[in-house]
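The values are calculated or read from the model by the stated rules, or taken from the named source; none is laboratory data. Because the structure is predicted, anything quoted here is derived from the model rather than measured. In this analysis, Cβ positions are derived from the backbone assuming ideal geometry, glycine residues included, and neighbour counts consider all displayed protein chains.
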Amino acid sequence: MTRGILIYAHNNRTVDYALMAIISGGLAKKNLQVPVSLITDISTVEWMKESNIFNHATDIFEHIITVDRPATANQRHLNDGQTGQMVPFINTNRNTACDLTPYDRTLLIDSDFFVLSNSLGEYWDIDIDVMLGDAINDIYNDSRTGYLDRHVSDTGVKMYWATTVMFSKNSNAKLFFDTVNYIKENYSQFADVFRFDPRQFRNDIAFSIAKHILDGYRQTDIGSLPPVLSALDKDILHGVNGNTLTFLVDYKFTNSYCAAAISDIDVHIMNKQSVIRHKQALLELI
């Protein structure tokens, strides 16, 4: 059985997702000891060539799979510490992962998720067709997270995190991803039923509802990956020293900061620009 990691990256004019995918893919390949493949589009590939990072990509990725660039009206406000801006959010085609993966067992990760341990390697052989990140763990503490970080809406359906998804390439996983696609195509109708805000498509919501439906409209403990440790986008990656990352963490969203450090722990860094500022140090970890 082949095992591998899959990452999607579609650049916009503000965020270099391709560069982040190279860093994320390189760390995952190093620490999980499996191949990594990239799903992207022609314009992002051309940017990698223009910005002289394509050689890094070919070194890291076993396959670079090009698809049509998703058409989306998604806009997202991305913070960089105390500043921020609205940017296009091109991340609506992850429902294609089961069709496109070259592996029998796949770990699908976000391009801003950085694997600094082998903890997810424990899940390759678990006989569950689809597994999702169970929750979000705030790098500060749960005082900065609320009900809607744990539930799709006030209806109480549990929120899983599509930042990490492990699946087998089989008919059950195909059904799951087809259900995600159906939810995406009928997002407003599902928003009416499950009472969430439909103005921005979120993979987390679509994946969570698909799991809820296929679990028989009930919450189960089956199919959970570890909670996703996350530094929010108001937090700032401050330093990289080997596998130790230091952050300036926004103290309860008061625009005052405290320091935090992690070592040898997988982390989701939502402040994309602070990752880019430390690209050289992060690339040296690969």
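Looking only at the range 233-263, residues that are within 18 Å of R144 (Cα to Cα), in contact with a helix residue (DSSP H, G or I) (Cβ under 7 Å, 6 or more places away or on another chain) and not charged (D, E, K, R) come to 5 in all.
Matching residues to (1) in a loop (DSSP other than H, G, I, E, B); (2) within 22 Å of D110 (Cα to Cα); (3) among the β-branched types (V, I, T):
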site	(1), (2), (3)
M166	no, yes, no
D192	no, no, no
P198	yes, yes, no
D204	no, yes, no
V249	no, yes, yes
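Scanning the range 117-155 for residues that are among the aliphatic types (A, V, I, L, M), in a loop (DSSP other than H, G, I, E, B) and touching a helix residue (DSSP H, G or I) at 6+ places or on another chain (Cβ under 6 Å) gives a single hit, V152. Of the residues S143, S111, the single one that is surrounded by 15 or more Cβ atoms within 10 Å (Cβ to Cβ), out of contact with any Cys (no Cβ under 9 Å at 6 or more places or on another chain) and of a type in the set (S, T, Y) is S111.
Of all residues in the range 141-175, those satisfying the criterion of being modelled with pLDDT of 95 or more, more than 18 Å from P198 (Cβ to Cβ) and more than 17 Å from the chain's Cα centre (by Cα) are K158, S168, K169, N170, S171, N172, A173, K174, L175. Any residue in the range 51-63 that is over 28 Å from D129 (Cα atoms), in contact with an Asp or Glu (Cβ under 8 Å, 6 or more places away or on another chain) and modelled with pLDDT of 95 or more? Checked the range 51-63: at least one residue is over 28 Å from D129 (Cα atoms), in contact with an Asp or Glu (Cβ under 8 Å, 6 or more places away or on another chain) and modelled with pLDDT of 95 or more.
Looking only at the range 147-170, decide whether some residue is closer than 28 Å to G81 by Cβ, out of contact with any Cys (no Cβ under 9 Å at 6 or more places or on another chain), in contact (Cβ under 8 Å) with a residue 40 or more places away in the chain and surrounded by fewer than 18 Cβ atoms within 10 Å (Cβ to Cβ). Scanning the range 147-170 turns up no residue that is closer than 28 Å to G81 by Cβ, out of contact with any Cys (no Cβ under 9 Å at 6 or more places or on another chain), in contact (Cβ under 8 Å) with a residue 40 or more places away in the chain and surrounded by fewer than 18 Cβ atoms within 10 Å (Cβ to Cβ). The single condition from (1) at pLDDT 95 or above; (2) within 28 Å of A18 (Cβ to Cβ); (3) more than 17 Å from the chain's Cα centre (by Cα) that D215 fails is (2).
Among the residues of the range 234-256, those that are farther than 22 Å from L27 by Cα and modelled with pLDDT of 95 or more comprise L248, V249. For residues in the range 64-91 being within 30 Å of K252 (Cα to Cα) and at pLDDT 85 or above, which is farthest from the chain's Cα centre (by Cα)? Here the answer is T83.
The residues of the range 246-272 that are crowded, with 19+ Cβ neighbours inside 10 Å and among the polar types (S, T, N, Q) amount to a single one, N271.
Do the conditions hold for I209, that is, is it of a type outside the set (F, W, Y) and either in contact with a helix residue (DSSP H, G or I) (Cβ under 6 Å, 6 or more places away or on another chain) or surrounded by fewer than 18 Cβ atoms within 10 Å (Cβ to Cβ) (or both)? Spelling it out, I209 is indeed of a type outside the set (F, W, Y) and either in contact with a helix residue (DSSP H, G or I) (Cβ under 6 Å, 6 or more places away or on another chain) or surrounded by fewer than 18 Cβ atoms within 10 Å (Cβ to Cβ) (or both). Taken together, the criteria place A71 among residues that are hydrophobic (A, V, I, L, M, F, W, C) and loosely packed, with under 15 Cβ neighbours inside 10 Å.
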